[in-house]
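Reviewing the structure listed below.
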Amino acid sequence: MFQQITKGIRISVITKYNGDFLSDGLINYAFTYTIKIENQSNDVVQLINRNWKILQTNRRPYFVEGDGVIGQKPILKSGVVVVVSAHFNLSVV
């Protein structure tokens, strides 16, 4: 698990390996990642956009960018937690 706190906002990331499969002659490794965003500050904050960096061994990083999460821009009052899960496949070239 990776955790970081910046200005009272705790971000926790858990990854899970779900196995591999063959697609178009390439080996793909399936992962699930869960990101927990927790407002530990006394301020009200809003998640406007995301910029996640997924690191692969011996490869360039893959970036996930976009507005909000799951089509929303949640407002987090003090103590509020948002949890987001997604699937990701890494392929070996």
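The values are calculated or read from the model by the stated rules, or taken from the named source; none is laboratory data. Treat the numbers as computed from the prediction; the structure is a model and nothing was measured. Glycine gets a Cβ as well: all are built from the backbone with ideal geometry, and neighbour counts include every protein chain shown. Keep in mind that these areas ignore ligands, DNA and RNA; they rest on the heavy atoms of the full protein, side chains included. Shrake-Rupley method; radii C 1.70, N 1.55, O 1.52, S 1.80 Å.
Remarks
- Conditions (1) at pLDDT below 95; (2) under 14 Å from the mean Cα position of the chain (by Cα); (3) of a type outside the set (Phe, Trp, Tyr); (4) over 14 Å from SER91 (Cβ atoms); number of the one not met by GLU38: (1)
- For SER78, the conditions (1) more than 21 Å from MET1 (Cβ to Cβ); (2) of a type in the set (Gly, Ala, Ser); (3) in contact with an Asp or Glu (Cβ under 9 Å, 6 or more places away or on another chain); (4) exposed (fewer than 11 other Cβ atoms within 10 Å of the Cβ) are fulfilled apart from (4).
- Scanning segment 1-22 for residues that are more than 24 Å from ARG50 (Cα to Cα) and at pLDDT below 90 yields no hits at all.
- Test: residue in segment 67-74 that is β-branched (Val, Ile, Thr), touching a strand residue (DSSP E or B) at 6+ places or on another chain (Cβ under 8 Å) and open to solvent by 90 Å² or more (accessible area, probe 1.4 Å): yes
- Per the listing LYS36, LYS53, the residue uniquely at negative phi and touching a Ser or Thr at 6+ places or on another chain (Cβ under 7 Å) is LYS36.
- Qualifying residue in segment 1-8 (condition: surrounded by fewer than 12 Cβ atoms within 10 Å (Cβ to Cβ), out of contact with any strand residue (DSSP E or B) (no Cβ under 9 Å at 6 or more places or on another chain), on the phi < 0 side of the Ramachandran plot and in contact (Cβ under 8 Å) with a residue 24 or more places away in the chain): no
- Screening segment 51-65 for residues that are open to solvent by less than 80 Å² (accessible area, probe 1.4 Å) and either out of contact with any strand residue (DSSP E or B) (no Cβ under 6 Å at 6 or more places or on another chain) or of a type in the set (A, V, I, L, M) (or both) and picking the one that is farthest from SER12 (Cα to Cα) gives VAL64.
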